[in-house]
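Data block below; observations after.
The values are calculated or read from the model by the stated rules, or taken from the named source; none is laboratory data. Please read these numbers as outputs of a predicted model, since none were measured by experiment. Cβ sites come from the backbone with ideal geometry, for glycine too, and all protein chains shown count toward neighbours. For the accessible areas, the whole protein counts, side chains as well, though only heavy atoms, and no ligand, DNA or RNA atoms are used. Shrake-Rupley method; radii C 1.70, N 1.55, O 1.52, S 1.80 Å.
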Amino acid sequence: MHALKKNRPLRRIVLASAATVSGMVLLLSLKPHSTPDVALAVPAPSGSASASAGTSTGTKTVTGDSVQTRWGPVQVRITVKNGKLTDVTAVAYPTDNPRDQEINSFALPRLRSEALQAQSAGIDTVSGATYTSDGYRQSLQSALDSARG
């Protein structure tokens, strides 16, 4: 007869309890993803986009609003030359942990490429980086609005 059969019910209770406690300890030892309270890069002045006019060639560099996402702030800086979007740089984005870094190393170049190709903030969301994509689009739109105004 097997050791855990009816003749030893107390042993089954003890083993089941030990397994439950072990599982709970493992679950509670996991660290949740935390959202930083402070921006991870140098943000633009609070509440509005900042712009610096370029030379007489019509070059303008504009930093969009910092957009708070679920995983942290996202902010972009654009360069517009003669009315054409020539560069987009992410100046703030989530880098709190290795997973954030992995996602953004994949997503940010795609978002930049799409923005330059579309010449607008009407770009697709990168799969797996939904929050970053949404923040990127909003910051990009605020920078484009400031550059036009």
Legend entry - Cβ pairs under 8 Å, 6+ apart, first in the stretch 1-26 and of a type in the set (A, V, I, L, M), second modelled with pLDDT of 75 or more: 3/11; 4/11; 4/12; 4/15
Legend entry - Residue check, residue 87 acidic (Asp, Glu) and either open to solvent by 60 Å² or more (accessible area, probe 1.4 Å) or farther than 16 Å from residue 63 by Cβ (or both): no
Inset, instruction - Hey, can you tell me all the residues within the stretch 115-131 that are among the small types (Gly, Ala, Ser) and either part of a loop (DSSP other than H, G, I, E, B) or surrounded by fewer than 22 Cβ atoms within 10 Å (Cβ to Cβ) (or both)? - result: 118, 120, 121, 122, 127, 128, 129
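Here's the yes/no breakdown for (1) buried (at least 16 other Cβ atoms within 10 Å of the Cβ); (2) modelled with pLDDT under 85; (3) touching a helix residue (DSSP H, G or I) at 6+ places or on another chain (Cβ under 6 Å):
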| residue | (1), (2), (3) |
| --- | --- |
| 55 | no, yes, no |
| 102 | no, no, no |
| 133 | yes, no, no |
| 145 | no, no, no |
Legend entry - Residue tally, condition surrounded by fewer than 18 Cβ atoms within 10 Å (Cβ to Cβ) and closer than 12 Å to residue 74 by Cβ, over the stretch 104-114: 0
